[in-house]
Amino acid sequence: MPAYAHEPPPFFRRGPSPLARFAFFGLLSLALLVTDSRFAYLEAMRQAVAAVLQPLQSVATWPGLAAERFGGYFSSQRDLQEQNQALQNQLLAQAKAVQGHEDLVRENARLRAVLQVRERYGGGSVAAEALFGGRDPFRQKLVIGYAGEAEVKPGQAVIDETGVVGQVTRSFSGMAEVTLLTDKDHAVPVRVRRSGLRSVLYGAGAGRLPELRFMAANADIQPGDVLVTSGIDGVYPPDLAVATVASVERETGLMFARIVCQPAAGVDRSRHLLVLAPVAALPERPEAETDPESRRKNPRHRRR
Amino acid sequence: MAALPRLSPARPEEILLPVRIWFVLSTLVASLMLNLLPAGGVWLAIRPDFLALTLLYWCIQQPRMLGVGVAWLFGLVMDVGDGTLFGQHALAYSALAYAAEFFHRRVLRFPLWHQAAHVAALLFLCGALVLIVRLMGGAAGVSWTYFLPAASGALLWPLISVFYQLPQRPARSPGER
């Protein structure tokens, strides 16, 4: 192709050629990609753009929210009656447990006061409703809505009636984005209820069940074991149900067992959720002697 | 029937009014908002990338007004909106803008459906770039449905090329048929 097919004559100069521009901006993007994935220098920039973007984003969700409310208004009476009946039955079935629970709570409070244990939950928790799935096909996320006056901050744990669903990663007014348990590499510190063994449950991405990684092949764990949060990280309060061990494969050639778990909560089904109050801050972690290595290892996780 | 909007884009030899910059900007912002709209279910699978489509349209139509730089900037904004690594949409959109620059002289001469085929290829390339970056960043693989938005975007192309051109078309004079 002759050169004049693309180049304007010199008296119509328009600055650098498209190829030069593309090379410049392409390299700039690559530099940003590398910087962002290795170091956390760009947080300030991200915050600035996000501040501009957030009003746009909330405006963009208005029509959806309005349609949601409008649709909910017209849910049929029969549905409501059925739901009411089911809920009453459930209430009866649980009444005994609830009454027992109240006693236990009181007794527990007394014991804690006696032992001068720090209160683990500050403030109240917030009821929320799942609104939309995430926009990003690569991530397992959920947008939840809650009453406007409540406050939800990134880092709070989200549960449904059967167990942990995930963790709030971004919050807007009246809405928050929850990263689900099943998101790839989303980590939850857990404990095996039966044996007390501690581990970390890692999400494996869409359509796959989370796994316990780096558990020795002879670890005391078997299918059917219930995993609960260990409360060690200070994100999830202790003793929330997380998952049940579905299968354990111990291959002689491998150092670690392959342990696949089934989440306890309806991670991608539950509609009514509870955002737990932030866990009271743990005491400062003692400085490790060689810190820089561990800091650099996984910058993406620190952001969330 | 002069008030009826014409349902085909202007022929290349037709004379159009100059594009107003606020119109270009508002279409870009509107499509950014459409992209930020939460989605779920089938819509999530087939939802076209409106911003890419609009950028592509204006880069083909008005290569002197906006190009690689503007596309890159909107890509950055999209990266923040998605909460993803900085630069992946920026990279994809600037590649898109460059490809548009490369094609703009001949694409508009084709009938709309040929144009749409070109657009599908470009959007596919854009999606593939994002995918490559994500996979290198350690994302889990995606199914083939990941590329459906390229097809749905191409299907929207004829619509967009009529709609975005409406403000530039002069009112038909009474003498004209």
TODO: Please list, in chain and number order, the residues 5+ apart from A:MET215 or on another chain whose amide H is under 5 Å from its amide H, with Hs placed from the backbone.
DONE: A:ALA257
Open item on the list: Give me A:VAL105, A:VAL158, A:VAL260 sorted ascending by neighbouring Cβ count inside 10 Å, so fewest comes first.
Closed with: A:VAL105, A:VAL260, A:VAL158
TODO: Using only the C-alpha atoms of chain B, find the volume of their convex hull and express it per residue in Å³.
DONE: 125
Open item on the list: If you build the convex hull over the alpha carbons only and average its shadow over all orientations, what do you get for the range A:128-252? Give it in nm² to one decimal.
Closed with: 8.1
- [ ] Quick one: net charge around A:GLU68, please, counting Lys, Arg +1 and Asp, Glu -1 for every other residue with C-beta under 15 Å from its C-beta.
- [x] +1
- [ ] Rank the residues A:GLU102, A:GLU43 as a footprinting-exposure proxy: fewest other Cβ atoms within 10 Å of their Cβ go first.
- [x] A:GLU102, A:GLU43
Task: Angstrom value of the Kirkwood radius, inverse mean 1/r, which spans all Cα pairs in the range A:141-196 - done: 12.3
Task: chain A - mean residue ellipticity at 222 nm from DSSP helices (-39,500 (n - 2.57) per run, n ≥ 4, rounded to 500) - done: -11500 deg cm²/dmol
Task: Per-bin percent of Cα-Cα distances, the range A:25-109 [10 Å] - done: 13, 16, 16, 16, 23, 14, 2
Open item on the list: Against the empirical 2.2 N^0.38 Å scaling, what ratio does the C-alpha Rg of the range A:16-60 come to?
Closed with: 1.53
Task: Neighbourhood charge, 12 Å Cβ-Cβ cut-off, centred on A:THR244 and excluding it, Lys, Arg +1 and Asp, Glu -1 - done: +1
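Pairs of Cα atoms under 8 Å, at least six residues apart: use those to get the relative contact order of the range A:124-281, whole percent.
26
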Open item on the list: So for chain A, averaging the separation of alpha carbon pairs under 8 Å that are six or more residues apart and normalising by length, what relative contact order in percent results?
Closed with: 16
Open item on the list: Taking the beta-carbon count within 10 Å as an exposure proxy, list A:PHE74, A:PHE24 from fewest neighbours to most.
Closed with: A:PHE74, A:PHE24
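So if I place +1 on the C-beta of Lys and Arg and -1 on the C-beta of Asp and Glu, and nothing else carries charge, what would the dipole magnitude of the range B:21-168 be about its Cα centre? I want it in debye, nearest 20.
Rounded to the nearest 20 debye, it is 340 debye.
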Task: Net charge over other residues, Cβ less than 13 angstrom from the Cβ of B:LEU32 (K, R count +1; D, E count -1) - done: -2
TODO: Calculate how many DSSP beta bridges within the range A:124-281 are antiparallel, expressed in % of all such bridges and rounded to the nearest 5.
DONE: 100
Open item on the list: Normalised radius of gyration for chain A, please: alpha carbon Rg relative to 2.2 N^0.38 Å, two decimal places.
Closed with: 1.29
Task: Proximal lysine pairs, chain A, alpha carbons under 22 Å, eight or more residues apart or interchain - done: 4
Open item on the list: Could you tell me which residue out of B:LEU96, B:LEU36, B:GLN61 lies farthest along the dipole of chain B toward its positive end? Charges go on the beta carbon: Lys and Arg +1, Asp and Glu -1, centred on the Cα centre.
Closed with: B:GLN61
Task: Selection from A:PRO223, A:ALA281, A:MET255 lying farthest towards where the dipole of chain A points positive, charges on Cβ - done: A:MET255
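Values in this text are rule-based calculations from the coordinates and carry no lab data. Given the structure is predicted, the values throughout are model-derived calculations rather than measurements. Virtual Cβ from ideal backbone geometry, glycine too; neighbours counted across all protein chains shown.
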